[in-house]
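Data first, discussion second: the structure below is written as structure tokens.
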């Protein structure tokens, strides 16, 4: 049960509304006023179920919560907004012990609930994928060593020089695969945390890309100068942005993008307030977006873009985005991709406080 005081609820970023036994609104915090786009004075004294399209269903849920003394899990409700589109919300009802008030309703936008669930799923999948890949890499390393050693022994026995070209192919390919396995198996070091100016990170990546793709790619800046320094590992953050932006530049200059005509990449930063990242609430966070106008991520791999060894480019290792996600998670952040032909947006959220 919730304590009788409501002063602390005024500071919550989550919308909460307190009801009496008749399900009439007796209190609404500022977050509820903002979410429902109406003042507390307008809500107080109004029947809570009447705010929603599912009046009878809400009435029944509130009655069960009141009579059984159990909390009720989230259910989807539709808030009616005169002159505007209905707003789908998640509603959780909790019994409280307060003078004249018996129920507390917590309201969240459905979009936020879906984003939280997606973030948790991505973190879980990434951990499982890393473990699977490490186990697979261990199994591959041993026969690779034997293959390379046998090729070296065979090369010593060959008396015709041109035949050694074939053993060299075996040795070089074994070395290449060995290097790939080492990258998969090497434990990623923990971040070396210190103050980092994210715009210095972006400028460093910008200079690297302009040197590598000297023609055909334009890189634009859309920076928020109010963004404070982030506590993080500068080298890891550079690698995150570089892996994503390099993929974008390669897509823009590929033959599949209208013959490799090129295009533009935009680095965009914003400071966002009162945001939840993987179930943790932060007063301030960095929203970093890397946007390109290339052909987009192919639909077949769109949902698996951060999985190891998944690549939409011929010859790609499929490790760049997986590594970027790992480093972002080290910084308690999340990374998402929204892509369609002509516009791909990678969004990174990192806590600043």
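The values are calculated or read from the model by the stated rules, or taken from the named source; none is laboratory data. As the structure is a prediction and not an experimental result, all values here were calculated from the model. Reconstructed Cβ throughout: ideal geometry from the backbone, glycine too, with neighbour counts over all protein chains shown.
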Query raised in the report: Which fully enclosed helices (runs of 4 or more DSSP H) of the stretch 1-107 have 3 or more residues being over 25 Å from residue 275 (Cα atoms) and modelled with pLDDT of 80 or more?
Result: 40-43, 55-68
Report summary line: Within the stretch 310-346, residues at pLDDT 80 or above and surrounded by fewer than 16 Cβ atoms within 10 Å (Cβ to Cβ) come out as 338, 340, 341, 342, 343, 345
Report summary line: Within the stretch 248-280, restricting to residues that are loosely packed, with under 13 Cβ neighbours inside 10 Å and part of a strand (DSSP E or B), the one that is modelled with the lowest pLDDT is 280
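So which of 130, 134, 148 ends up being surrounded by 14 or more Cβ atoms within 10 Å (Cβ to Cβ), farther than 30 Å from residue 19 by Cβ and at pLDDT below 65? Don't jump to the end; show me each part of the working.
Details: 134 fails: at pLDDT below 65; 148 fails: at pLDDT below 65.
Step by step, each of 130, 134, 148 is checked, and only 130 is surrounded by 14 or more Cβ atoms within 10 Å (Cβ to Cβ), farther than 30 Å from residue 19 by Cβ and at pLDDT below 65.
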Report task. Among what's in the stretch 34-53 and is out of contact with any strand residue (DSSP E or B) (no Cβ under 7 Å at 6 or more places or on another chain) and free of Cβ contacts under 8 Å to residues at least 24 places away in the same chain, pick the residue that is farthest from residue 9 (Cα to Cα). Result -> 50
Query raised in the report: Which ones in the stretch 222-247 are surrounded by fewer than 16 Cβ atoms within 10 Å (Cβ to Cβ), at pLDDT 90 or above and within 17 Å of residue 195 (Cα to Cα)?
Result: 225, 226, 228, 229
